[in-house]
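What follows is a single structure, written as structure tokens, with notes after it.
The values are calculated or read from the model by the stated rules, or taken from the named source; none is laboratory data. Just so we're clear, the structure is a prediction, and the values are computed from it rather than from any experiment. Please note: Cβ atoms are built from the backbone with ideal geometry, for glycine as well, and neighbour counts cover all protein chains shown. With ligands, DNA and RNA removed, areas are computed over all heavy atoms of the protein, side chains included. Shrake-Rupley method; radii C 1.70, N 1.55, O 1.52, S 1.80 Å.
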Amino acid sequence: MVRVRFAPSPTGYLHVGNARTALFNYLFASKNFGRFIIRIEDTDTERSKKEYEESIIEDLKWLGLSWDEGPDVGGPFGPYRQTERLHLYREYSSRLLSEGKAYRCWCTKEEIEKRHLSRHQQDSGYDNYCRNLSDSQIARFEAEGRTPVIRFRVPEKKVVVNDIIRGPVTFEAGTLNDFVIMKSNNIPTFHFAVVIDDLTMQITHVIRGEDHLSNTPKHILIFEALGYNPPEFAHMSMTLGPDRTRLSKRHGATSVRQYREKGYLAEAMFNYLALLGWSSKNNQEIFSKQQLIEEFSLQACNKSNAIFDPAKLLWLNTLYLRSKPSSEIFELSIPFFEKTGYNKSDLEQHRKVIEKVIDVEKEKLKTLQDVQERTGYFISETILWNPEVAEKFKNPEFAKIFSEIRDILNAVQPFEKSHIEAAIRNFCETKNLKTGEVFHPLRFVLSGQTKGPGLFDLIELLGKQRCIKRIENFLGLKRHNL
RNA sequence: GCCCCCAUCGACUAGCGGCCCAGGUCACCACUCUUUCAAGGUGGUAGCGCCGGUUCGAUUCCGGCUGGGGGCGCCA
């Protein structure tokens with residue numbers, strides 16, 4: 001049975017790069033009818049926050065992932081938070097200690113650094129100083145009241161990582177320093193906790209970012225020291241920003257939360273993330289979740305890093321948005337309306353109109369935010385005219401045109417698109433006016449916008465009363481300013 | 001300083017020795033459609049990092065170089 005895990009540390013919102021890692025794990029598990037596990041790596045007690053854990057879980061769910069075991073749903077291999085499994089790490093570390101595969105180290109950061117500098121920085125880091133201390137040296141450190149860390153005794157040997165994506169990668173373990181597995185506060189380091197958890201949770205495949213490839217020999221060594229076979233490894237390429245450095249805040253939105261708040265759909269993000277570093281055999285790009293699960297394979301993953309391209313994400317978003325029924329788009333965009341001051345019951349009242357507007361504007365929508373921007377003036381009583389644009393239409397000729405159109409609209413019966421169009425076109429013809437000369441100004445007066453649905457859709461959806469009122473208001477405004 | 005990974009259009013990628021004077025998608029540009037903004041349609045610009053091998057033949061295999069990324073923490 002395939003068992004994979006996504007193991008975020010709750011030190012921030014879910015990063016899109018991590019979301020991609022989670023997604024690949026999910027796809028791999030689903031494809032192989034395996035289990036997908038969420039584990040919270042909160043051993044960095046300084047930076048870990050409960051709120052972040054909750055937000056990460058929430059965003060993973062929003063993305064459309066689900067898991068079989070995790071801190072929120074439990075499972076047979078729990079608990080699923082590392083801070084709740086401390087006894088396990090302590091148990092395994094004392095075993096390594098008693099077998100001589102690990103040892104206590106009393107060196108301070110300063111001492112290690114000092115010795116490092118004196119070596120002219122020919123290498124890096126710790127010099128295995130405490131590897132073979134005499135009893136009296138140990139006694140002296142203890143007398144000084146120092147609290148030790150536990151370090152892993154790294155053997156001199158070759159370690160081969162048989163990576164599913166990259167093939168065999170060979171490391172010379174001798175070039176590694178004896179690394180810390182238990183901190184002086186008796187909490188495991190990442191390298192130790194992952195191994196113990198992957199071991200005890202019976203993880204079969206470790207799918208993670210390439211940034212962990214260089215650390216994998218450490219993990220394998222610990223598995224071996226404990227007498228177990230390591231799981232399979234697959235190191236996926238990293239997600240970079242446009243400047244080819246790690247995707248970070250400088251590059252703009254980096255968390256799935258931010259994209260969600262900008263009006264992106266989960267389906268679009270899901271699909272886009274899958275396309276980063278993976279491609280299907282026939283180069284298909286648009287996938288449903290189910291198709292993705294069927295098509296996905298680790299072997300088809302690209303080895304080179306990928307740049308996160310918001311433009312392509314946006315394109316997918318327009319596609320998914322367009323494919324949704326207007327009623328669903330309405331529901332999804334409620335939070336965005338609320339942000340601009342509408343409340344839910346107002347919106348329910350205007351639901352019919354909003355959905356109709358969505359119908360005629362759907363192909364223009366890029367994000368859920370656009371829904372509010374493109375429909376707001378249909379439901380608000382008053383609108384504002386951009387003074388600069390308005391200026392152009394503040395003259396007697398336009399005043400005459402607008403007031404005549406007001407009368408025409410007032411007379412249209414029934415107030416429907418085709419009748420409205422006929423009436424206005426007829427007006428243009430009899431007055432010998434080009435349609436463009438009338439349509440554009442009229443759109444502006446009625447909506448305050450220079451973009452929107454077709455003019456006659458606009459008028460019908462606005463309704464007779466609103467149209468007349470807006471024209472009159474505009475004319476009144478004009479008189480005031482003259 | 002040491003170690004590891006990677007290398008096809010601006011971006012994501014296809015290519016697994018001849019089918020490739022390199023295909024698709026996004027972006028971009030042009031044209032078209034059009035009452036606005038879009039969308040759509042049509043077309044286009046643009047790429048195998050460099051140098052050596054191997055081979056009858058290299059984008060594809062090997063080596064080096066260069067470039068990019070990552071790791072070497074009592075962060076994860």
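Solvent-free Debye calculation, one equal scatterer per alpha-carbon of chain A: log10 I(q)/I(0) at 0.08, 0.10 Å⁻¹ equals -0.66, -0.85.
Scalar couplings 3J(HN,Hα) for the range A:307-323, obtained by applying the Karplus form with A = 6.51, B = -1.76, C = 1.60 to θ = phi - 60°, are 8, 6, 10, x, 5, 6, 4, 4, 4, 4, 4, 5, 4, 5, 4, 4, 7 Hz; x denotes Gly and Pro.
So what's the back-of-envelope 222 nm ellipticity for chain A, counting only DSSP H runs of four-plus at -39500 (n - 2.57) apiece and dividing by all residues, rounded to 500? Numbers along the way, then the final one.
On the way: 20 runs with 240 residues, N = 482.
Mean residue ellipticity at 222 nm (helix-derived): -15500 deg cm²/dmol.
Considering the zone a paramagnetic label at A:GLU437 would reach in this model (a point 7 Å from Cα along the Cα-to-Cβ line), which residues of the range A:380-398 have amide N under 13 Å from it? Only A:397-398 pass the distance filter. Here the convex hull built on the C-alpha positions of the range A:387-481 has a volume of 85 cubic angstrom per residue. Working from label points 7 Å from Cα in the Cα-to-Cβ sense, the A:LYS312 to A:ALA423 distance is 5.1 nm.
Relative to the longest principal axis of the Cα atoms of chain A, the long axis of helix A:417-431 makes an angle of roughly 50 degrees.
Using R0 = 41 Å, the C-beta based FRET efficiency linking A:THR11 and A:GLN299 works out to 0.80.
Would you mind calculating the gained length between A:GLN413 and A:GLU144 on full extension (0.36 nm times residue separation, minus the Cα-Cα distance), in nm to one decimal? Could you put the intermediate results ahead of the total?
On the way: separation 269, 0.36 × 269 = 96.84 nm, distance 9.71 nm.
Length gained, A:GLN413 through A:GLU144: 87.1 nm.
Can you list the residues of the range A:35-79 with backbone N under 12 Å from a point 7 Å past the Cα of A:HIS87, pointing along Cα to Cβ? Those under the cut-off are A:79.
What does the charge count around A:ASN283 come to, taking other residues whose C-beta lies under 15 Å from its C-beta (Lys +1, Arg +1, Asp -1, Glu -1)? Spell out each step's value before the answer.
Numbers: positive: A:LYS281, A:LYS312; negative: A:GLU285, A:GLU295.
My count for the surroundings of A:ASN283 gives 0.
For a 4.7 Å threshold on C-beta separation, the list of partnerless cysteines in chain A reads A:CYS107, A:CYS301, A:CYS428, A:CYS467.
For the listed peptides A:124-132, A:455-463, a ranking on the average number of other beta carbons within 10 Å per residue, highest first, reads A:455-463, A:124-132.
Against the main long axis of the alpha-carbon atoms of chain A, helix A:50-63 sits at an angle near 60°.
Would you mind counting up the charge near A:LEU446? Only other residues with Cβ under 9 Å from its Cβ, with Lys and Arg at +1 and Asp and Glu at -1. Write out the running numbers ahead of the final one.
Working: positive: A:ARG443, A:ARG466, A:ARG470; negative: none.
Overall, the nearby charge balance is +3.
Scanning residues 5 or more positions from A:MET182 or on other chains, those with amide H under 5 Å from its amide H are A:ILE150, A:THR189, with H placed 1.01 Å from N in the peptide plane.
When you filter the GluC sites (Glu not before Pro) in the range A:65-104 for DSSP loop state and at most 16 other Cβ atoms inside 10 Å of their Cβ, you are left with A:GLU99.
Return the loop-located trypsin sites (Lys or Arg not before Pro) in the range A:254-289 (DSSP other than H, G, I, E, B) with at most 12 other Cβ atoms within 10 Å of their own Cβ; answer none if there are none. Qualifying residues, ordered by number: A:LYS281.
Hey, any idea what % of chain A's accessible area is carbon plus sulfur with a 1.4 Å probe? If you can, show how the numbers build up before the last one.
Numbers: 11370 of 23370 Å².
Using a 1.4 Å probe with all protein chains present, chain A comes out at 49 percent carbon and sulfur.
Close amide-amide hydrogen proximity is noted between A:ASP163 and A:VAL169, each under 5 Å apart and 5 or more residues distant or on a separate chain (H modeled in the peptide plane; Pro and chain starts excluded).
Across chain A, the mean sequence separation of Cα contacts (distance under 8 Å, 6 or more residues apart), normalised by length, yields a relative contact order of 12 percent. Using the 1.4 Å probe convention, the accessible area of the range A:142-241 works out to 38 Å² per residue with neighbouring protein chains retained.
Counting only other residues whose beta carbon sits under 15 Å from that of A:ARG250, what net charge do I get with K and R as +1, D and E as -1?
+2
Here r is the Cβ-Cβ distance between A:GLN137 and A:SER214 and R0 is 45 Å; the resulting FRET efficiency, rounded to 0.05, is 0.90.
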